[in-house]
Amino acid sequence: MDEVRLLAVEPLTREAFAPYGEVIEPAATKGTHGINAGTAERFHALARIDVVGPDGHAAISQVRAQPRAFPFLVSMLERHPLGSQAFVPLDPAIRYLVVVAHDPGATPRAFLAEHGQGVNYHRGTWHHPLIALDRVSDFLIVDRVGAGENCEEAALPRQWRIEI
């Protein structure tokens, strides 16, 4: 394996993340409207859930992620060819890292998600498993469950070091 290279961390913005998926936050809404007799505001269609294949469906799950130690080495990526995968922090104070790439041989990008930002990876997007920061963190997950192989993993040709 080649030398370890430093991977810069950039802010998570809708524009920068667009090739890989959607940022889930109120600013990403396609429209708002009052619901529940005007006692709530709905931020409509923040992300598109995409599932394919027989005997599969969208499901909502929860995960509790342990914080990672830094510097952190990125040496693998995964993707889900049969569906999108969304992560939404259940506490708006949670910070976490999102690492994505067009393919395992490409230079990955690292994004810092904070202030309640969630992400929805497009179906087939290469990404690193959840990288929680600071403390134990709970996330809501929306993805595909059911028959079929929906998780592929790939070792990277080089490791990437992230420092926070």
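The values are calculated or read from the model by the stated rules, or taken from the named source; none is laboratory data. Just so you know, these numbers come straight off a predicted model, no measurement behind them. Every residue, glycine as well, gets a Cβ built from its backbone with ideal geometry; the counts of neighbours run over all protein chains shown.
Details
- Scanning region 141-155 for residues that are touching a Gly at 6+ places or on another chain (Cβ under 8 Å) and on the phi < 0 side of the Ramachandran plot, we see that the one that is surrounded by the fewest Cβ atoms within 10 Å (Cβ to Cβ) is 147.
- Verdict on residue 112 being over 10 Å from the mean Cα position of the chain (by Cα), closer than 18 Å to residue 24 by Cα and touching a residue at least 60 places away in the same chain (Cβ under 8 Å): yes
- Of all residues in region 64-74 being within 18 Å of the chain's Cα centre (by Cα) and loosely packed, with under 13 Cβ neighbours inside 10 Å, the one that is farthest from residue 163 (Cα to Cα): 64
- Subset of region 133-162 [over 19 Å from residue 65 (Cα atoms), modelled with pLDDT of 95 or more and outside any strand (DSSP E or B)]: 150
- Complete set of residues in region 12-25 that are surrounded by 11 or more Cβ atoms within 10 Å (Cβ to Cβ) and over 17 Å from residue 142 (Cα atoms): 12, 13, 14, 16, 17, 18, 19
- Among the residues of region 1-49, those that are of a type outside the set (S, T, N, Q), in contact with a His (Cβ under 8 Å, 6 or more places away or on another chain) and either part of a loop (DSSP other than H, G, I, E, B) or farther than 14 Å from residue 99 by Cα (or both) comprise 19, 20, 25, 30, 31, 33, 41, 42, 44.
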